[in-house]
1. Could you please tell me which pairs satisfy a Cβ distance under 9 Å, a separation of 6+ or placement on different chains, a first residue in segment 47-69 that is in contact (Cβ under 8 Å) with a residue 40 or more places away in the chain, and a second residue that is exposed (fewer than 11 other Cβ atoms within 10 Å of the Cβ) and outside any helix (DSSP H, G or I)?
2. Determine whether segment 77-86 contains at least one residue that is exposed (fewer than 10 other Cβ atoms within 10 Å of the Cβ) and either in a loop (DSSP other than H, G, I, E, B) or at pLDDT below 90 (or both).
3. Among the residues in segment 60-74, are any at pLDDT below 55 and hydrophobic (A, V, I, L, M, F, W, C)?
4. Could you please let me know if LEU20 is part of a helix (DSSP H, G or I), modelled with pLDDT under 85, out of contact with any Asp or Glu (no Cβ under 6 Å at 6 or more places or on another chain) and loosely packed, with under 10 Cβ neighbours inside 10 Å?
Amino acid sequence: MKGRRRAEGLKPRAGKAPRLWLQPAVPTPALEGGDRALCEQSLAGCFVWLAFGASLQRILHAERATRIFNITIAVFLAGSVFLVVR
């Protein structure tokens, strides 16, 4: 790293995920609390999807209903990809 100065208080972590590449030399409670909040939000989202899947299981017992659901989800997926690529 000729000509570049490393930020003070940060140390490089080669071979780790980009988020972990530059970590503060001393861990702070704010970072630890942020990680906990992210974990709690992720779990909340997982429980919503689990409930959604459990309710769909009752509706999608027929082959025709499953086919209609798959086509509908495919259209939504194609639409979202179109919006991202556009």
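The values are calculated or read from the model by the stated rules, or taken from the named source; none is laboratory data. Please read all numbers here as calculations on a predicted model, not as lab measurements. Glycine also receives a Cβ, built like all others from the backbone with ideal geometry; neighbour counts cover every protein chain displayed.
1. none
2. yes
3. no
4. Considered against the rule, which asks whether it is part of a helix (DSSP H, G or I), modelled with pLDDT under 85, out of contact with any Asp or Glu (no Cβ under 6 Å at 6 or more places or on another chain) and loosely packed, with under 10 Cβ neighbours inside 10 Å, LEU20 comes out as yes.
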